[in-house]
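Notes follow the structure.
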Amino acid sequence: MAHLHEKIDFTVAIFIVHERKILVIHHRKLGKWLPIGGHIELDEDPEIAALREAKEESGLDVELIGERPPTTEPGTRALIAPRFLDIHRINETHEHIGMIYWARPKSGTVQLATEEHHDIRWCRLEDLEKLSPPMTDAVKWYCRKAIEEIAA
């Protein structure tokens with residue numbers, strides 16, 4: 001998808017956990033191991049974007065984990081809050097504000113999105129240390145935290 005703004009975009013990252021394993025992808029363009037995720041499109045809220053990206057990039061329908069305040073009323077829809085937020089540099093002139101969600105699979109079968117990824121796999125915590133190229137410490141931290149909190 002094209003950038004919505006030349007300097008900054010809003011994105012979602014979905015850390016999907018099942019049986020103490022986390023789903024990660026080897027991103028074709030970036031050459032990194034990452035969670036499922038992508039840009040929030042103009043006609044989407046973050047929750048819809050997270051569900052869409054999970055389905056497009058993994059074949060899974062997921063349940064987002066988080067709190068939805070009881071404040072929905074006409075003209076207002078409460079959203080599940082991301083577990084974390086970050087901002088990360090993509091290149092010298094562009095950044096992403098990332099909304100980081102935890103999720104569980106509801107249905108579907110994991111499928112590789114070959115246009116976007118080299119690989120997709122479920123990893124236990126110890127598997128994260130064996131990935132090549134190595135996963136960044138920041139992404140490993142989120143993986144560990146998601147597994148720890150969802151498995152609890």
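Every read-out reported here was derived from the displayed coordinates using simple, explicitly stated rules and does not represent laboratory data. Nothing here was measured: the structure is a model prediction, and the numbers come from that model. Cβ atoms come from the backbone with ideal geometry, glycine included; neighbour counts cover every protein chain shown.
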Matching residues in the stretch 9-27 - criterion: being more than 18 Å from LEU79 (Cα to Cα) and surrounded by 14 or more Cβ atoms within 10 Å (Cβ to Cβ): ASP9, ILE16, VAL17, HIS18, LYS21, ILE22, LEU23, VAL24, ILE25, HIS26, HIS27
GLU63 outside any loop (DSSP other than H, G, I, E, B), among the acidic types (Asp, Glu), surrounded by 14 or more Cβ atoms within 10 Å (Cβ to Cβ) and in contact (Cβ under 8 Å) with a residue 60 or more places away in the chain: no
In the stretch 41-56, residue surrounded by the most Cβ atoms within 10 Å (Cβ to Cβ) [restricted to those that are touching a residue at least 12 places away in the same chain (Cβ under 8 Å) and closer than 25 Å to LYS7 by Cβ]: ALA50
Flag for ARG89 being part of a strand (DSSP E or B), basic (Lys, Arg) and either surrounded by fewer than 20 Cβ atoms within 10 Å (Cβ to Cβ) or free of Cβ contacts under 8 Å to residues at least 12 places away in the same chain (or both): yes
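Scanning the stretch 101-152 for residues that are of a type in the set (Gly, Ala, Ser) and not in a loop (DSSP other than H, G, I, E, B), which turns out farthest from GLU19 (Cα to Cα)? Before the answer, list the steps.
Taking the stretch 101-152 and keeping what is of a type in the set (Gly, Ala, Ser), we get 103, 107-108, 113, 132, 138, 146, 151-152.
Applying the additional criterion that residues be not in a loop (DSSP other than H, G, I, E, B) yields 103, 107-108, 138, 146, 151.
On the way: ALA103: 12, SER107: 14, GLY108: 16, ALA138: 22, ALA146: 12, ALA151: 8 Å.
For the stretch 101-152, the residue satisfying everything is ALA138.
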Residues located in the stretch 135-152, provided they are small (Gly, Ala, Ser) and surrounded by fewer than 19 Cβ atoms within 10 Å (Cβ to Cβ): ALA138, ALA151, ALA152
